[in-house]
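One structure below.
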Amino acid sequence: KGVWILAEQFNVMTRALNESYTNLEQKVIERTEKERQRAEQLRTINEVSRKISSIVNLDELLAYVGNLLRQTFHFYNVNIFLFEPSSGKLMLKTLHFSGQKNVIPVGVPLEMDEEGIIGKAARTGDYVLVNDLKLEPGFRKPEGLGETRSELAVPVRMGGRVLGVLDIESTEVDGFDEADVFTAQTLADQLAVAIDNARLYQETRSMAVTEERNRMAREIHDTLAQGFTGIIL
């Protein structure tokens, strides 16, 4: 009987050791995957920093950032909203969906609920993370917008001024962690600088075009004036 009890205790200890080893192995795998994701996130941040500094076309810039985020991190949807300088309305400027139908057309001003996810990020200037949209009070899933379960909205801000919102969606509950928030906010801050530069470039270019048109008009006017003066003389 004593041998049987000893054997049973040995089997229990063996099972416990196997479970501990399996749990440890799983934790190592999860930690390795997280480290890989962090390295990929840092690489993407560096890549975006280098790339966006050379893009002066705003539409091209937004499309590049949205597409890079979705492809690199396999996010379900990535949307970028910007406030229009002329009207002050929040406008969807680019969207990168995973097989969606009946989506909102890009370039259409949106009436945003200030208490909604995107509206709250734009109003407060701070990120908004919802881990399970089904538990979010008052959330209504728009028809045709897929299987989004969690959502992260970070403000695109320049100093204390909010230029827009970077909105990222996942099909998984708890689809975002602190590393995702850090990556999204860092990219949003870099995007704000690039947007400001692109708009400044566009304004400078428009001023240069206007000045050139005025110069040509003056030259034409002077040429005509000289011609008419010659005819009169």
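The values are calculated or read from the model by the stated rules, or taken from the named source; none is laboratory data. Predicted model, so just to flag it, every value in this text is computed and none were measured. Neighbour counts are summed over all protein chains in view; Cβ atoms, including those assigned to glycine, are modelled from backbone coordinates with ideal geometry. Keep in mind that these areas ignore ligands, DNA and RNA; they rest on the heavy atoms of the full protein, side chains included. Shrake-Rupley method; radii C 1.70, N 1.55, O 1.52, S 1.80 Å.
Within the range 51-97, the set of residues being part of a loop (DSSP other than H, G, I, E, B) and touching a residue at least 60 places away in the same chain (Cβ under 8 Å) comprises Ser53, Ile55, Val56, Asn57, Phe75, Tyr76, Pro85.
Return yes when Val162 is touching a Pro at 6+ places or on another chain (Cβ under 6 Å) and at pLDDT 85 or above and no when it is not.
On the way: touching a Pro at 6+ places or on another chain (Cβ under 6 Å): yes; at pLDDT 85 or above: yes.
Against the criterion (touching a Pro at 6+ places or on another chain (Cβ under 6 Å) and at pLDDT 85 or above), Val162 qualifies.
This table checks each residue for (1) open to solvent by less than 80 Å² (accessible area, probe 1.4 Å); (2) touching a Cys at 6+ places or on another chain (Cβ under 9 Å); (3) under 13 Å from Leu187 (Cβ atoms); (4) modelled with pLDDT of 75 or more.
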{"position": "Ala7", "(1), (2), (3), (4)": "yes, no, no, no"}
{"position": "Phe10", "(1), (2), (3), (4)": "no, no, no, no"}
{"position": "Ser20", "(1), (2), (3), (4)": "yes, no, no, no"}
{"position": "Thr32", "(1), (2), (3), (4)": "no, no, no, no"}
{"position": "Glu60", "(1), (2), (3), (4)": "no, no, no, yes"}
{"position": "Val65", "(1), (2), (3), (4)": "yes, no, yes, yes"}
{"position": "Phe75", "(1), (2), (3), (4)": "yes, no, yes, yes"}
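In the range 147-171, the residue that is nearest to Thr186 (Cα to Cα) out of those that are in contact with a Ser or Thr (Cβ under 6 Å, 6 or more places away or on another chain) and open to solvent by 10 Å² or more (accessible area, probe 1.4 Å) is Glu169. Scan the range 143-194 for residues that are out of contact with any strand residue (DSSP E or B) (no Cβ under 8 Å at 6 or more places or on another chain) and of a type in the set (Ser, Thr, Tyr) and report the count. Final tally of qualifying residues: 3.
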